[in-house]
1. Just to be sure, is A:Leu68 open to solvent by less than 50 Å² (accessible area, probe 1.4 Å), out of contact with any Gly (no Cβ under 8 Å at 6 or more places or on another chain) and within 24 Å of A:Arg267 (Cβ to Cβ)?
2. Scan segment B:322-344 for residues that are open to solvent by 30 Å² or more (accessible area, probe 1.4 Å) and within 22 Å of B:Lys89 (Cβ to Cβ) and report the count.
3. Any idea which of (1) surrounded by 19 or more Cβ atoms within 10 Å (Cβ to Cβ); (2) of a type in the set (S, T, N, Q); (3) within 15 Å of B:Lys183 (Cβ to Cβ) is the one B:Gln212 doesn't satisfy?
4. Among (1) farther than 28 Å from A:Cys147 by Cα; (2) open to solvent by 70 Å² or more (accessible area, probe 1.4 Å), where does B:Glu263 come up short?
5. For A:Ser287, state whether it is closer than 25 Å to B:Leu109 by Cα, of a type in the set (S, T, N, Q) and more than 10 Å from chain B (Cβ to nearest Cβ).
6. With the requirement that a residue be open to solvent by 10 Å² or more (accessible area, probe 1.4 Å), away from chain A (no Cβ under 13 Å) and under 22 Å from A:Asn158 (Cα atoms), what does segment B:168-194 give you?
7. Just give me the residues in segment A:1-30 being closer than 21 Å to A:Glu349 by Cβ, assigned to a helix (DSSP H, G or I) and not basic (Lys, Arg), in sequence order.
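The values are calculated or read from the model by the stated rules, or taken from the named source; none is laboratory data. Here the structure is a predicted model, which is why all the values come from computation and not from measurement. When we count neighbours, we look across all protein chains shown, and the Cβ atoms used for this are built from the backbone with ideal geometry, even at glycine. Please note that ligands, DNA and RNA were not included when accessible areas were found on the heavy atoms of the full protein model with its side chains. Shrake-Rupley method; radii C 1.70, N 1.55, O 1.52, S 1.80 Å.
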Amino acid sequence: MLYREAGQFKSTYAADSAILPIRQDRIGLALILLVAFVVIPLTATPYLFSAILIPCLILALAALGLNLLTGYAGQLSLGTAAFMAVGAFMSYNFILRIPGIPLLLAFAGGGVMAAAVGIVFGLPSLRIRGFYLAVATLAAQFFILWCLTKVGWFTNYNPSGVITAQPMVILGYAFDTPPEKYLLVLSIVTLMALAAKNMVRGNIGRQWMAIRDMDVAAEVIGIRPMRAKLLAFAVSSFYCGVAGALFAYAYLGTVEPEAYNLDLSFRILFMIIIGGVGTVLGAFLGSAFIVVLPIALSTGVAFLDSTLHLNVPSSVGSNLELMVFGGLIIFFLIVEPHGLARIWQITKEKLRLWPFPY
Amino acid sequence: MMWFLRALVGMLLVGTASIAAAQNEQYIPLLSYRIGPYAAGGSGYFGGAIDYFTLVNLNGGINGVKITWEECETEYNASRGVECYERLKTRHGGASTVEPLSTGIAYGLFERVAQDKIPMTTNGYGLAISAEGSVFPWVFPLGTTYWDQAAAMIAYLGQKVGGEANLQGKKIVFMYHDSAYGKEPIPVFDALAARDGFELTKIPLTPPATTQESQWLQVRQLKPDYVILWGFGVMNPVAIKTAAKLGFPRDRILGVWWAGSEEDVIPAGDAAKGYVTAAFSATGTNFPVMQEIVKKVYGSGKGNLEDKSRVGSIYHTRGVTYAIMIVEAIRQAQNHFGKGKVMTPEQVRWGLEHIDLSDARLKELGASGLFPPVKTSCADHEGSGMVKFQEWDGKTFKTLTPFMAGDRALVHKMVEQGAAKYAAEKKLTPRDCGKEG
């Protein structure tokens, strides 16, 4: 009843190809952005900003990058965290070695370097695909972390091999409190998500999807696989690189290469599988699921324990959390193998007919 | 539906009541890890800390102030650890101090603790340069850092060959976990190699390093006099077993303290006999304070470890060591700011900078010999720098040396230089420790 497009006529091509053709969606997105940009900064606690919202957004950006590569272009990658590391360490070096470089340019530079590395490690994708490609990108994961540990230049010869993010200053304004960091991250993520949405709707995205669905057929209709695949690696790594830089600058502060380990790559892969492969929304839903659910479970167990005086031993509580988390992942994958984004899509279709389904 | 609402309201009331009751207690958040690959270490360490806190509370608290704590599972994961810190830091009236027992989490908290003004301890790990309190006012690598440990290891090897001068021309292999952790001591080893004239070969072990044949074959070719093993986790027993297989004598392997717990040697079986490691605390239950924990805490069923045989194991005594230092810091702060009061994090930091655990004081606490005397100051957040060496005899760790230090002057100079570089890079103005007490 509320969610019905009857009476909304499109009279121009522009209206027909809008990102959100339905008025309710536009209002909904405007509300979400209003809440994210205005209501949350005014109301949320520092805990919410620095422990949940910021990591959630940053990992959603990385998941979005992986989703462009894996979900749209069909190239499986296990090197996400390594590309993030390239972005972080190169942004650090740009700021360190080029005095006066604007922060955002340094982040973009980190992203471009990650894109360059991504292209190199994307070359095998021209010959191999599927699981074999995943193993080839695994090499990126190990090689890049090894390289960052081994070559002192990347960490400015820090004896511990870590980098400490410089203060974030844009046009003389320092972003150092949690709400400021949140707003900076949110702005970058919003712009890049908008860019991603437009990319996948346009020529490039269609090329990627054609390659994903059948690369021989795509080649026959005139898509150059090499260009499309390497572009996918470049764009995806750029997104991951920027996310990695934000991970160091807006979230952790001091990082060692080990913070970008294989475990993080897997977590981001799980995000797009649970969120929805080949959707922009899925990256956000998946990131929220993977980041928030364990925290909610552990807070829930702690709360029940302290209020009901159950005296659950800490080890049991921790294990319980892991078991419930694993169980929920399996549950969601059985109920909806296409991810949370698909559940949302089905809900929308049902809402259109509600309350009179036929 | 009403019963549900009533239950909910009841739960909320109980929740607020318990928080209100905690107002006059000294609260310490514990970022523990009891699941995942490092659970053995985390459960032992935080179990030991909780056991000592329980003992202090059973004995009436610190001048009547009870210690309260809350645990949060980090799984040794940096993101989870940061979340736990953010969640726990404001509870029960605010955290006094925090100890993550994880390098990755500690890095994530470095700037947060400075901003929140909560002192963080990194006992036996973390950045060596953070011992310089004028640049790192909120970080305390209490006891010994990796750099002092490295210097002590060379001093110990020097003792074995009859004086450090005799290390001239000796071959030492440094086999290390290829990460920030393993690379940390390299500057000190390099400086000492230049000074003493021994030949240092570095062989990295890429984690998890579950096969090490090629590295140990390289060792066999080099025929070194000693191998320093700077590993972590499963690579330690694998290294010992591989050395045994390829015939390298274990008594010429010297392990870092994270390669020196029961969990590191028992899986290697008989191959580990004679293997020597460094340690920043002793093991066993022969100390009066450990006896008290066994009797009072475990006797009344309040012990934290489910497996009582682990009481007095090395991770457990490390946890007790940490807790003794923290409690002593709070006690010092109370002596200065008012006995029987709850200390603020700033006051606890003052206490951490005025720890004076002399031999006599350790004896009073029943911890004589459990860990070396510690005396901190505004500039020196480490306070000791002493390490002891122990040998695994197949059943227990046997003490080989008393607590001993290496070339502390050299390490101190390197710490100062490193901290100054860090301050310059971060554009920090160091505190003037001459002015503060």
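1. Criteria met by A:Leu68.
2. Here the count works out to 4.
3. (3)
4. (2)
5. yes
6. B:Ala193, B:Ala194
7. Answer for segment A:1-30, where residues must be closer than 21 Å to A:Glu349 by Cβ, assigned to a helix (DSSP H, G or I) and not basic (Lys, Arg): A:Asp16, A:Gln24, A:Asp25, A:Ile27, A:Gly28, A:Leu29.
Residues are listed down the side, and each one gets a yes or a no for (1) open to solvent by 40 Å² or more (accessible area, probe 1.4 Å); (2) more than 30 Å from A:Phe247 (Cβ to Cβ); (3) within 12 Å of chain B (Cβ to nearest Cβ):
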site: A:Val291; (1), (2), (3): no, no, yes
site: A:Leu297; (1), (2), (3): no, no, yes
site: A:Thr307; (1), (2), (3): no, yes, yes
site: A:Asn311; (1), (2), (3): yes, yes, yes
site: A:Val316; (1), (2), (3): yes, yes, yes
site: A:Glu321; (1), (2), (3): no, no, yes
site: A:Phe331; (1), (2), (3): yes, no, no
site: A:Val335; (1), (2), (3): yes, yes, no
site: A:Trp344; (1), (2), (3): yes, no, no
